[in-house]
1. Kindly indicate the residue of the range 189-212 that is free of Cβ contacts under 8 Å to residues at least 40 places away in the same chain and under 16 Å from Phe30 (Cα atoms) and also surrounded by the fewest Cβ atoms within 10 Å (Cβ to Cβ) among those meeting that condition.
2. Hey, any hits in the range 174-188 for a residue that's in contact with a Cys (Cβ under 9 Å, 6 or more places away or on another chain), assigned to a loop (DSSP other than H, G, I, E, B), hydrophobic (A, V, I, L, M, F, W, C) and surrounded by fewer than 23 Cβ atoms within 10 Å (Cβ to Cβ)?
3. Any residue in the range 139-163 that's within 24 Å of Lys200 (Cβ to Cβ) and touching a residue at least 12 places away in the same chain (Cβ under 8 Å): show its pairings with residues that are within 16 Å of ligand 2 (Cβ to nearest atom) and not in a loop (DSSP other than H, G, I, E, B) at Cβ separation under 6 Å, as long as the two are six or more apart or on different chains.
4. Looking only at the range 50-79, how many residues end up being over 17 Å from the mean Cα position of the chain (by Cα) and of a type in the set (A, V, I, L, M, F, W, C)?
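Each value in this text was obtained by applying a stated rule to the coordinates, not by laboratory testing. All figures in this text were calculated on a predicted structure; none of them were measured in a lab. Note: ideal-geometry Cβ built from the backbone for every residue, glycine included; neighbour counts use all protein chains shown.
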Amino acid sequence: MALIAPSMLSADFLALRKDVEMVNRHGDLFHLDIMDGSFVPNLSYGFPVVEAIAKIAEKPVDVHLMIVNPEKYAGRFMDCGAGMVSFHVNATDNPGSLLGFIRSKGVKAGLALNPDIPLESVYPFLKECDFVLVMSVMAGFGGQSFYDSTYDRLDALKAEMARQGVECSIEVDGGVSPANAAKLVEHGADILVAGSAVFKAADPGEVIRRMR
Ligand code: DX5
Ligand code: ZN
């Protein structure tokens, strides 16, 4: 069964504790989006928010870095309590060494890629990844529409993983909802990130149950 990772970018920041408790009750992971206004044209939040959430999180904290020079900050996010850290394959010159560094801390390491980045760019690093984060929208904003091209990319990625004999998980992020969750899992998704579909709903717990 796929894991559901609510994206806290769409949470109510004036009632963050309530939304963290909701994820503790109904979700499987906390997906935390870090944006720097440079790698993506938007800013989100940083260390103090990640640390505050991690303190009361009863599920693993999954930090998605959408920043340039991720090697500069990955360590700080792990110190803040991240149990999974991903960064974009085109954000650094040496993805392999950063994946190794993250794993050396006992944290799960992931490579992320936007829909316009060739899938082949992650192939040389699959053996060093615990998971691949396949973006199903262009990174930077919550609430965008899902790209249907994602299904073909998942099929191709699964085929390459089988060819290489690796077993990393696949996380899908962007425009995920109860409408496409089942099909994404059929195409190999192991982790479904959902922001607006969960937090804009009157009953977030019920949306998560429907996604399952
Ligand atoms: C987008 C972020 C996503 C975002 C998903 O750049 O990486 O995690 O919060 O939000 P929805 O589910 O609303 O597309
Ligand atoms: Zn994300």
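1. First pass over the range 189-212, keeping only residues free of Cβ contacts under 8 Å to residues at least 40 places away in the same chain: 197, 201-203, 206-207, 210.
From the residues that got through so far, the ones that are under 16 Å from Phe30 (Cα atoms) too are 197, 207.
Numbers: Ala197: 27, Val207: 22.
Filtering first and then ranking leaves Val207.
2. At the first step, the residues of the range 174-188 found to be in contact with a Cys (Cβ under 9 Å, 6 or more places away or on another chain) are none.
The answer is no; no qualifying residue exists.
3. Ala139/Met66; Gly142/Leu9; Gly142/Ser10; Gly142/Ser196; Gly143/Ser196
4. 2
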